[in-house]
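Colleague: Provided herewith is a single structure, encoded as structure tokens, for subsequent inquiry.
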Amino acid sequence: MKKQAAHFSTERAAIMLSVQNWIDGRFTASSSKHTIEDFNPSTGQLICTVPDSDDSDVDMALSAAAAAQPEWARLPAIERAKVLRVIAQRVRDNIDTLARVISEEQGKILALARTEVTFTAAYFDYMAEWARRIEGEILESDRAGETIFLFRKPIGVVVGVLPWNFPFFLIARKAAPALVTGNTIVLKPSEETPHNAAKFCEILLEGDLPAGVINVIHGRGASTGSILCSSSRADMISFTGSRETGSAIMTSAASNITKVNLELGGKAPAIVMADADIQLAVKAIRTSRLINSGQVCNCVERVYVHSAIAANFVDALTRAMKATQFGNPLEDDAVEYGPLINETGYKKIDGIVRRAVEAGATITTGGKRGLGEGGYFYEPTVLAGCRQEMEIMHREIFGPVIPIVTFDDLDQAIAYSNDSEYGLSSSIYTRDLNVALKACQELRCGETYVNREHFEALQGFHAGWRKSGIGGADGKHGLYEFLQTHVVYLQRT
Ligand code: NAD
């Protein structure tokens, strides 16, 4: 692997870092004249600039990935796994620096940023464990003397398009399964959070990863992202982000019939039954909504509470949300969540809340911008008296806001929960196993949490129904998304 000492040029100003693309094992200047600025959402301070990469940068990255792929695929999987384990260890060795970089540009609290880094390392290790477990099949033939083999083979060059909410972990979620199965990858980080990806590339300088196996190219979705996803040289696109972008990516991929794997938005319902442990439900729902300032795809987006306990539940949840401290995570260790990612995110949430109030909902706490105009902070917010037909029960909020609707029986709660164009995750709080089982049988979504907060395991399968996605990530099934089959008919003569 070619080495290079540093990727930051300090030409413009001492404090302004200029991040470069990582192509073919080295930091590479872009030919684009356009740059993007990366800001700290707590303070508005500029962190770095990245190129808005153009056709020629994209071509270079895809060429490097294509050139590296055959040799990488020829390595025994266990050799590829060794490289993943080195990356995992290097990530662990740099936990403090990485967590700070993530927190600074994305706004999550340091404890969560550290969890993200640890989970990223664990994910590389976990996918490395699959090296000896990737299996084909031998099928019974209808013909005498014939054996049918089903091989699983890499797809080729994967394009990974990343969101900003867990930007570092998503590098692993795309790259680790792609690499262990013999693919190479071109990653495009979100233009909102490019700095952590640059730090990841610094980590690659120290490992044994052959040049071209991982490439990282920066730019906006409408420019760099669109060029990447329209390219006939991309063999698969693995995307995590919004439903709207997922749809645009499918359109880009359509002309080349490129395989798409889409992890999109959610509108997760939480059902609280009359027999629920209210304290447990409040704690889990609050945790699921406030983590990362509510900017998580599988977190509780709407609550359905049984009318018999609604008053007590709303009161307890309101008190718990009101007691939450939020602020700049790098200035105050005690805060439980930080800013929203940007002004667009703030305006979207504020609009949804205002329209819910106009439609008859009652704010029991929060409902406005917090801590002045400096950062994009939103108060922890509870809205009682919502109705199923309101926009707030259908549109992804992606912020620290919980709208509540009451119900009278389980069938109604399940019907409300299923009344969504999304189908990513859900939860139910009850002491009755039959009730929990009925919900698990009838909820139409990719995952259900019973009596616990929403958060998936790396050995699970995170896959949305309907407009929450196509395919999924994690575990064995997530790994197999990065493989295609080759059936061989071997006739004895
Ligand atoms: P986004 O769709 O705005 O952007 C995601 C990425 O797509 C960015 O890198 C962006 O530059 C790129 N992009 C935008 N337009 C593009 C185009 N036309 N062609 C190619 N690339 C393009 O999403 P976001 O705001 O970064 O993330 C938030 C969304 O992601 C939420 O809806 C959330 O629910 C979803 N999400 C889903 C999961 C999941 O696992 N299902 C996980 C995390 C986030």
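Laboratory data are not the source of any read-out in this text; all were calculated from the coordinates shown. Just so you know, these numbers come straight off a predicted model, no measurement behind them. Neighbour counts run over all protein chains shown; Cβ positions are idealised from the backbone, glycine included.
Colleague: Most exposed first by the Cβ proxy, i.e. fewest other Cβ within 10 Å, how do ARG387, ARG289 rank?
Modeller: Placing the least packed residue first, the sequence is ARG387, ARG289.
Colleague: If you don't mind, there's one more thing I want to ask. For the range 396-493, run through the trypsin sites (Lys or Arg not before Pro) and keep only the ones in DSSP coil with at most 16 other Cβ atoms within 10 Å of their Cβ. All intermediate terms of the calculation are to be shown ahead of the outcome.
Modeller: Numbers: sites: ARG431, LYS438, ARG444, ARG452, ARG466, LYS467, LYS476, ARG492; in loops: ARG431, ARG444, ARG452, LYS467, ARG492.
Passing sites in the range 396-493 are ARG431, ARG444, ARG452, ARG492.
Colleague: What ranking of PHE407, PHE482, PHE313, PHE39 emerges when the number of other C-beta atoms within 10 Å of each C-beta is taken as an exposure proxy, fewest first?
Modeller: Working: PHE407 21, PHE482 27, PHE313 24, PHE39 17.
Arranged by neighbour count, lowest to highest, PHE407, PHE482, PHE313, PHE39 become PHE39, PHE407, PHE313, PHE482.
Colleague: Find how much the distance from GLU244 to SER31 grows on full extension, using 0.36 nm per residue of separation minus their present alpha carbon separation; answer in nm with one decimal.
Modeller: Gain in length upon complete extension: 73.8 nm.
Colleague: Same structure again: Extending each Cα 7 Å along its Cβ direction at LYS82 and ASN342, get the distance between those two points in nm, one decimal.
Modeller: Computed distance between label sites LYS82 and ASN342 equals 4.3 nm.
Colleague: Which is farthest toward the positive dipole end of the chain among GLY241, ALA413, GLN279, measuring Cα position about the Cα centre, with Cβ charges +1 (Lys, Arg) and -1 (Asp, Glu)?
Modeller: Going by the Cα projections, it comes out as GLY241.
Colleague: Next question, about the same structure. Want the number for ARG369 to ASP432: 0.36 nm per residue separation, take away the alpha-carbon distance, what's left? Numbers along the way, then the final one.
Modeller: Numbers: separation 63, 0.36 × 63 = 22.68 nm, distance 3.96 nm.
Answer, rounded to one decimal: 18.7 nm.
Colleague: Would you kindly calculate the mean projected area, averaged across all directions, of the convex hull enclosing the Cα atoms of the range 379-424, in square nanometres?
Modeller: Over all viewing directions, the range 379-424 projects a mean Cα-hull area of 3.6 nm².
Colleague: Take the chain, mark every one of the GluC sites (Glu not before Pro) that falls in a DSSP loop and has at most 11 other Cβ within 10 Å, then report the longest stretch left between them, sites excluded.
Modeller: Working: sites that count: GLU135, GLU140, GLU331, GLU373, GLU389.
So the longest stretch without any such site is 141-330.
Colleague: A further question on this structure: Sort HIS34, HIS394 so the one with the fewest other Cβ atoms within 10 Å of its own Cβ comes first.
Modeller: Lowest count first: HIS34, HIS394.
Colleague: Continuing with the same structure: Can you list the HN-Hα couplings for the range 131-143, worked out from phi with the Karplus curve (6.51, -1.76, 1.60; θ = phi - 60°), rounded to whole Hz and with x for Gly and Pro?
Modeller: Rounded to whole hertz, the list is 3, 8, 10, 6, 10, x, 9, 10, 10, 5, 8, 8, 10.
Colleague: Scale the Cα Rg of the range 268-457 by the rule-of-thumb value 2.2 N^0.38 Å and send over the ratio, two decimals.
Modeller: Numbers: Rg = 15.6 Å, N = 190, 2.2 N^0.38 = 16.2 Å.
Rg over 2.2 N^0.38 Å, computed on Cα atoms: 0.97.
Colleague: Report the one residue of GLY372, ILE392, PHE455 whose Cα lies farthest in the direction of the positive end of the charge dipole of the range 268-457 (charges on C-beta: Lys and Arg +1, Asp and Glu -1; origin at the Cα centre).
Modeller: The one lying farthest along the dipole's positive direction is GLY372.
Colleague: Pairs of lysines 8 or more apart, or on different chains, with alpha carbons under 14 Å: count those in the range 268-457, would you?
Modeller: 4
Colleague: How high is the relative contact order of the range 321-408, in percent, counting Cα pairs under 8 Å that sit 6 or more residues apart?
Modeller: 27
Colleague: Further question: Would you calculate a helix-derived [θ] at 222 nm for the chain, using -39,500 (n - 2.57) for each DSSP H run of n ≥ 4 and dividing by the full residue count, to the nearest 500?
Modeller: Value at 222 nm, helices only, nearest 500: -11500 deg cm²/dmol.
Colleague: Apply 1/(1 + (r/R0)^6) to the Cβ-Cβ distance of ASP275 and ARG444, taking R0 = 22 Å, and write down the FRET efficiency to the nearest 0.05.
Modeller: Efficiency at R0 = 22 Å is approximately 0.40.
Colleague: Find out how many positive minus negative residues lie around THR147, taking Lys and Arg as positive, Asp and Glu as negative, among other residues whose Cβ is under 15 Å from that of THR147.
Modeller: My count for the surroundings of THR147 gives -2.
Colleague: Same structure, new question: Please report, for the Cα atoms of the chain, the Rg to one decimal and the Dmax as a whole number; what are they, in angstrom?
Modeller: Looking at the chain, its Cα Rg and Dmax stand at 23.4, 81 Å.
Colleague: What's the Kirkwood radius of the range 166-259 in Å, using all Cα pairs?
Modeller: After inverting the mean inverse Cα-Cα distance, the result is 13.9 Å.
Colleague: With +1 on each Lys and Arg Cβ and -1 on each Asp and Glu Cβ, and nothing else charged, work out how big the dipole of the range 182-238 is about its Cα centre, in Debye to the nearest 20.
Modeller: For the range 182-238, the charge dipole is close to 220 debye.
Colleague: Please give the length that would be gained between ASN418 and GLU331 if that part of the chain were fully extended, namely 0.36 nm times their separation in residues minus their C-alpha to C-alpha distance (nm, one decimal). Don't skip to the end; give the middle numbers.
Modeller: Details: separation 87, 0.36 × 87 = 31.32 nm, distance 4.14 nm.
Stretched out fully, the ASN418 to GLU331 stretch lengthens by 27.2 nm.
Colleague: If you place +1 on the Cβ of every Lys and Arg, -1 on the Cβ of every Asp and Glu, and leave all else neutral, what size is the dipole of the chain about its Cα centre, to the nearest 20 Debye? If you can, show how the numbers build up before the last one.
Modeller: Details: 50 positive and 59 negative charges, 104 e Å.
Dipole of the chain, to the nearest 20 debye: 500 debye.
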